[in-house]
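Please read the structure below before turning to the comments.
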There are 2 protein chains.
Amino acid sequence: MSRILIIGAGGVGNVVAKKCAQHPEVFTEIVVASRTRAKCDAIAAEIKQLYNVTVKTAEVDADSVPQLVALINGVKPQLVINVALPYQDLTIMDACLECGVNYLDTANYEPQDSAHFEYSWQWAYQDKFRDKGLMAVLGCGFDPGVTNIFCSWARKHHYDSIQTIDILDCNAGDHGHPFATNFNPEINIREVTQTVRHWRDGRWIETPPILDDNCVHFSFDYPEAGPRESYLLYHEEMESLVRHIDGLKRIRFWMTFGQAYLTHLKVLENVGMTRIDAVDYEGHKIIPLRFLKALLPDPGSLGTNYTGKTVIGCIFDGVKDGRQSRKYIYNVCDHAEAFREVQAQAVSYTTGVPAMIGAMMMLTGEWQGAGVYNVEQLDPDRFMDCLNRYGLPWQIVDFDGQLPD
Amino acid sequence: MSRILIIGAGGVGNVVAKKCAQHPEVFTEIVVASRTRAKCDAIAAEIKQLYNVTVKTAEVDADSVPQLVALINGVKPQLVINVALPYQDLTIMDACLECGVNYLDTANYEPQDSAHFEYSWQWAYQDKFRDKGLMAVLGCGFDPGVTNIFCSWARKHHYDSIQTIDILDCNAGDHGHPFATNFNPEINIREVTQTVRHWRDGRWIETPPILDDNCVHFSFDYPEAGPRESYLLYHEEMESLVRHIDGLKRIRFWMTFGQAYLTHLKVLENVGMTRIDAVDYEGHKIIPLRFLKALLPDPGSLGTNYTGKTVIGCIFDGVKDGRQSRKYIYNVCDHAEAFREVQAQAVSYTTGVPAMIGAMMMLTGEWQGAGVYNVEQLDPDRFMDCLNRYGLPWQIVDFDGQLPD
């Protein structure tokens, strides 16, 4: 039997728990824990009704290693799936080490007081996990996660060498709110207001952030979604792909944004509401971005009326048997269909399903190892097969369109 | 000798204190009090340096009638000039009644928990002031204030009857910030997000607020500032002018806004930052609009680099000796000139100078009475003369332009 502990009961936690509950042959026991037990209980009640599966729940402060250790030692899971906040990756990894349990997450660690999406903190755990014979799998959502696996799978089957990768992330959905973020607003806004970097000829190139008039963007014609303005952005999977895909000359990440979203974000930045330093207010220390989060719609609530699709994938340019070729691998996910299945919009769905599949790879022994791994270091074949079977089917096509130089 | 107590040490308090200090023949003793004594001390230090006049300072919580009574009984002023927050009008009026002191303010009372700019609360003090033989002068800034006096002066000298009044308030200045308000942001944003009303044929007509796509606006060609998009807005002086200018068929108020200002305001409204109800946040009750105020530039700090002008005035259509005529009375005030004189931008300057002149009218006996008065009920001639002499010169011209019906 395989017992898993899911930490985090937000939009992604909900999807992971439900997708795991759909596979009782692998996940024989599921425990969901978060700071707010009521959120775990609500997920458990829905799972009972949908699949007649009993999920246990617990309360835990994921900032506290002692609390996490007590929880993990009580549950005794084979695997901890971390879908809490990225600030909490290290405390949860520490607790897994102390308890001797494997670990999987979907987003890399970020300190609370500065916006840095970097793997260095988590890669520093390499020796600790290896020495204890434990496996930690990092960034197993969609991007990072599926996009990395698209890369390793393309490299394995379609290329002798890959020269360039363009990752393109399009959300062509409409949630009906004037402004809302599709996942935790605090993380989302930090991510999109940071300095933009891409990799070219052996080094990181900085370009202006997306709110700057001189930011880099172009219109890309997405399958099923049509042309959408796509902005150069830094995204964490590039850091590990540069390390793990040999011979890469260039890797870029593009994300679509609507003009209204950018206008809202620009205004919020102008007035100081995206600040992550504490402001003195009537004797309290208030972090403006956190207070904004309290006002914005809960991303988990957006699914109800969400229409449209997400289209996320990678375009490769490389050589196979001496011939240059360009291929595009992508998934299209429909917000309303995701909601009908697991009561979550597609941004939560596309993150949660790969976490479940990654957990399945670990529990079934398909992925094994001692140490800290990014997903492109592990064999992609069965994972790619599971994407097709478990809700995120993908296409591979020859690409004959235009990309900026 | 005439001792005055100024309550409030923001942008307007600074102007009132300095303009009073320029006239020691009338204002023989000046005391400035506010919640933050350091702000009063800073004004006093500047006045000492500029005019070699000694201003006393005090700390007071203007929400507390007992504190106000203790202060007023200690100072024993002939007049209290209230340039604190509009929420505090009633506590200060109560304290003046208890201490037997005359009262003047620049903005009508508004309850903290709802945006209603109405005179009803203050008009209800009519009998109390009259019975004690005290005078309360309401709304003696620019608008309300000078605009009301333009009306009573026009009625006295240029019209047998006035049929329509259009008040036009243009700020064609540039403070160099992406978003800032020219006076207390809390009051400013409440004012401009409220329902729009104007008076026509004996009743109030509601139209969409300025952030609505269907709001009413037109381009008016302002003297010295040129064409500016001007938006129909509710403004408090209309309430008293409808009552005090006989036979009025229509009165409207227009204010200029730039597209960037409106975009910022719309976004802040969309995300809930203009809310005036308390939000639970980490165990504290936070009013979003107040927190926003803490992040925005202090209006008193805008003057440093402010360029451009304000143009505020009234256009009348009426009959004199059987002949229909249209006249436009207006003032032009330059931000940088105001700053050179009293280290304040023009929006503070145009509010503070009329308060000083009104106080001068009361202390010299030009304005006398027992009860609560709006300024158009008092003789306008010497006040109009003082505007020309003390920094706010006005023009009267025949108007031959176009206004919306």
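Filtered by the rule that a residue be touching a helix residue (DSSP H, G or I) at 6+ places or on another chain (Cβ under 7 Å) and either surrounded by fewer than 20 Cβ atoms within 10 Å (Cβ to Cβ) or not assigned by TED's automatic domain parsing to the domain that holds B:L134 (or both), region B:65-84 gives B:V65, B:V69, B:N73, B:Q78. Mind listing just one residue for me: the one in region B:147-174 that is closer than 23 Å to B:L232 by Cα and out of contact with any strand residue (DSSP E or B) (no Cβ under 7 Å at 6 or more places or on another chain) and, of those, surrounded by the most Cβ atoms within 10 Å (Cβ to Cβ)? Selected residue: B:I149. Can you say whether A:A346 is touching a residue at least 60 places away in the same chain (Cβ under 8 Å), under 23 Å from A:D105 (Cα atoms), more than 14 Å from chain B (Cβ to nearest Cβ) and touching a Cys at 6+ places or on another chain (Cβ under 7 Å), as far as the supplied structure shows? Against the criterion (touching a residue at least 60 places away in the same chain (Cβ under 8 Å), under 23 Å from A:D105 (Cα atoms), more than 14 Å from chain B (Cβ to nearest Cβ) and touching a Cys at 6+ places or on another chain (Cβ under 7 Å)), A:A346 qualifies. Residues of region A:88-127 that are modelled with pLDDT of 95 or more, surrounded by fewer than 16 Cβ atoms within 10 Å (Cβ to Cβ) and closer than 25 Å to A:I149 by Cα: A:Q126, A:D127.
Yes or no: A:L302 within 13 Å of another protein chain (Cβ to nearest Cβ), under 24 Å from the mean Cα position of the chain (by Cα) and crowded, with 19+ Cβ neighbours inside 10 Å? Don't jump to the end; show me each part of the working.
Numbers: within 13 Å of another protein chain (Cβ to nearest Cβ): no; under 24 Å from the mean Cα position of the chain (by Cα): yes; crowded, with 19+ Cβ neighbours inside 10 Å: yes.
Taking the combined requirement at face value, the residue does not satisfy it.
For region A:191-212, filtered to residues that are farther than 17 Å from A:M255 by Cβ and in contact (Cβ under 8 Å) with a residue 12 or more places away in the chain, the residue that is nearest to the chain's Cα centre (by Cα) is A:R200. For region A:4-20, the set of residues classified as in contact (Cβ under 8 Å) with a residue 40 or more places away in the chain and within 21 Å of A:C386 (Cα to Cα) consists of A:I4, A:I6, A:V12, A:G13, A:N14, A:V15, A:V16, A:K18, A:K19, A:C20, listed by residue number. The residues on offer are A:G313, A:G318, A:G358, A:G371, and the sole one that is touching a Pro at 6+ places or on another chain (Cβ under 9 Å), at pLDDT 95 or above and either assigned by TED's automatic domain parsing to the domain that holds A:W254 or within 19 Å of A:G139 (Cα to Cα) (or both) is A:G313.
Listed here are the strands (runs of 3 or more DSSP E) enclosed by region B:311-405 that have at least 1 residues being open to solvent by less than 30 Å² (accessible area, probe 1.4 Å): B:323-334, B:371-374.
Say we look at region A:274-292 and pick out the residues that are touching a residue at least 60 places away in the same chain (Cβ under 8 Å) and open to solvent by 10 Å² or more (accessible area, probe 1.4 Å); which of these is nearest to the other protein chains (Cβ to nearest Cβ)?
Here is the first cut: in region A:274-292, the ones touching a residue at least 60 places away in the same chain (Cβ under 8 Å) are A:274, A:276-277, A:289-290, A:292.
Now restrict to residues that are open to solvent by 10 Å² or more (accessible area, probe 1.4 Å): A:274, A:276-277, A:290.
Values: A:T274: 11, A:I276: 13, A:D277: 11, A:R290: 8 Å.
Among those that are touching a residue at least 60 places away in the same chain (Cβ under 8 Å) and open to solvent by 10 Å² or more (accessible area, probe 1.4 Å), it is A:R290.
Kindly establish whether A:D63 is charged (D, E, K, R), without any contact (Cβ under 8 Å) to a residue 60 or more places away in the chain and part of a loop (DSSP other than H, G, I, E, B). Yes; evaluated as a whole, the condition is true for this residue. Going through (1) within 14 Å of chain B (Cβ to nearest Cβ); (2) in contact (Cβ under 8 Å) with a residue 12 or more places away in the chain one by one, A:E366 falls short only on (1).
Would a scan of region B:242-259 turn up a residue that is within 21 Å of the chain's Cα centre (by Cα), more than 19 Å from B:L168 (Cα to Cα) and more than 8 Å from chain A (Cβ to nearest Cβ)? For region B:242-259, residues within 21 Å of the chain's Cα centre (by Cα), more than 19 Å from B:L168 (Cα to Cα) and more than 8 Å from chain A (Cβ to nearest Cβ): present. Selection of region A:238-271 for residues being at pLDDT 95 or above and touching a Pro at 6+ places or on another chain (Cβ under 6 Å) yields an empty set.
Could you go through region A:38-58 and let me know if any residue there is farther than 19 Å from A:C140 by Cα, in the same structural domain as A:G100 (by TED's automatic domain parsing), of a type in the set (S, T, Y) and surrounded by 17 or more Cβ atoms within 10 Å (Cβ to Cβ).
Yes - at least one qualifying residue is present in region A:38-58.
Looking at B:A84, is it within 21 Å of B:N184 (Cβ to Cβ), touching a residue at least 60 places away in the same chain (Cβ under 8 Å) and not basic (K, R)? Against the criterion (within 21 Å of B:N184 (Cβ to Cβ), touching a residue at least 60 places away in the same chain (Cβ under 8 Å) and not basic (K, R)), B:A84 qualifies. A:P297 falls short on exactly one of the conditions (1) more than 14 Å from chain B (Cβ to nearest Cβ); (2) within 27 Å of A:L168 (Cβ to Cβ); (3) not in a strand (DSSP E or B), and that condition is (1). Which residues, taken from region A:1-58, are touching a Lys or Arg at 6+ places or on another chain (Cβ under 7 Å), of a type in the set (S, T, Y) and more than 20 Å from A:N73 (Cα to Cα)? A:T54 - this is the single residue of region A:1-58 that is touching a Lys or Arg at 6+ places or on another chain (Cβ under 7 Å), of a type in the set (S, T, Y) and more than 20 Å from A:N73 (Cα to Cα).
The values are calculated or read from the model by the stated rules, or taken from the named source; none is laboratory data. These numbers come from a predicted model, not from an experiment. We place every Cβ from the backbone using ideal geometry, glycine too, and count neighbours over all the protein chains shown. Heavy atoms of the whole protein, side chains included, go into the accessibility calculation; ligands, DNA and RNA do not. Shrake-Rupley method; radii C 1.70, N 1.55, O 1.52, S 1.80 Å.
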